[in-house]
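Worksheet for the structure shown next.
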């Protein structure tokens, strides 16, 4: 896979994605968006991948859209942004639909489209000095990157409006308190903690974890009867799989389960 803004490597059932444009604050541009979508396609169709760890080089996880590039585009910026978002939003749609857990490790800052991207992950590990801000309206534009969907669901409508209209900056402790991130670690521990969490998930009952993700998102978006029906279908299938039968037997026999991911 020919990537220019990130790297992709699979080790021990974990896909390790790393943003590699620290000189540009790992900002979102057409190349980044195309790379991200290509990586998501690779993850979707690689049966060896059971969980995903995403981190970034440099001091900033992702500073948002590449405003310098947008300024250079002049009158052509609307079409540039529209074309770019086909890939960027498409990558996020895939990440959400793929039945594998995605873990982001955020160091430094996530702003604008970077915050939107971070919010779309299933789990987020934050550095203790990280800062979070929407930043869109500060540049005279409106939110994108599916933030209106994910950020609002994580923190609630009132707080989402606060971040969007005032560009309030959240520290890591507040982001954790609000539910925007899952856990906070030392600045020099982010990469390892993110990889360890992804490895823990990959070593567990991977099919059940991936499809539990589907159950949770589906239940959040639909009616009570539809949520219950979907739960019934998926849990029945999970009980018929190798890990489901092993997990039930291990519980009954009071021993540790030996999951294989099947």
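Bear in mind that the values in this text are calculations on the coordinates, not laboratory data. Fair warning: this is a prediction, and the values are worked out from it, not measured in the lab. Cβ placement follows ideal geometry from the backbone for every residue including glycine, while neighbour counts extend to all protein chains displayed.
Length available on full extension from residue 75 to residue 11: 0.36 nm per residue minus the Cα-Cα distance, which gives 18.6 nm. Each residue, residue 214 and residue 167, gets one label point 7 Å from its Cα in the Cβ direction; the gap between the two is 4.2 nm. Averaging the Cα positions of each part gives two centres, and for region 208-253 and region 38-54 these lie 21 Å apart. For the chain, the longest principal axis of the Cα atoms and the long axis of helix 224-240 meet at an angle of about 50 degrees. Result for the chain in a Gaussian network model with C-alpha springs under 10 Å: among 247, 232, 140, the largest mean-square fluctuation is at 140.
What shape does region 135-251 have by the C-alpha gyration tensor, where a ≥ b ≥ c are the square roots of the eigenvalues, rounded means a/c under 1.5, and otherwise prolate means a/b greater than b/c and oblate the rest?
oblate
Compute the angle between helix 30-45 and the longest alpha-carbon principal axis of the chain, please, reported from 0 to 90 degrees and rounded to the nearest 10. Between helix and principal axis, roughly 10 degrees. The mean sequence distance of close C-alpha pairs (under 8 Å, at least 6 residues apart), as a share of the length of region 13-143, puts its relative contact order at 28 percent.
Label region 6-202 by shape, choosing from rounded, prolate and oblate, from the square roots a ≥ b ≥ c of the eigenvalues of the Cα gyration tensor; if a/c is under 1.5 it is rounded, and otherwise prolate applies when a/b is larger than b/c, oblate when it is not. Here region 6-202 falls in the oblate category.
Under a 10 Å cutoff between Cα atoms, tell me which one of 70, 251, 45 has the largest fluctuation in the Gaussian network model of the chain. Of the options given, 251 has the highest mean-square fluctuation.
Among bridges DSSP assigns within the chain, what percent are antiparallel (round to 5)? Roughly 30 percent of the beta bridges in the chain run antiparallel, per DSSP. Using a simple spin-label model with pseudo-atoms 7 Å out from Cα toward Cβ, residue 67 and residue 251 lie 5.1 nm apart.
Where only DSSP H runs of four or more residues are counted, the chain gives -16000 deg cm²/dmol as its mean residue ellipticity at 222 nm, each run worth -39500 (n - 2.57). The angle separating the long axis of helix 157-166 from the principal Cα axis of greatest extent in the chain is about 30 degrees. Across the chain, the relative contact order, built from alpha-carbon pairs under 8 Å that are at least six residues apart, equals 17 percent.
FRET efficiency for residue 237 and residue 2, Cβ-Cβ distance as r, R0 = 35 Å, nearest 0.05? Computed FRET efficiency for residue 237 and residue 2 comes out at 0.40. By DSSP, the beta bridges lying fully in region 51-185 are antiparallel in about 10 percent of cases.
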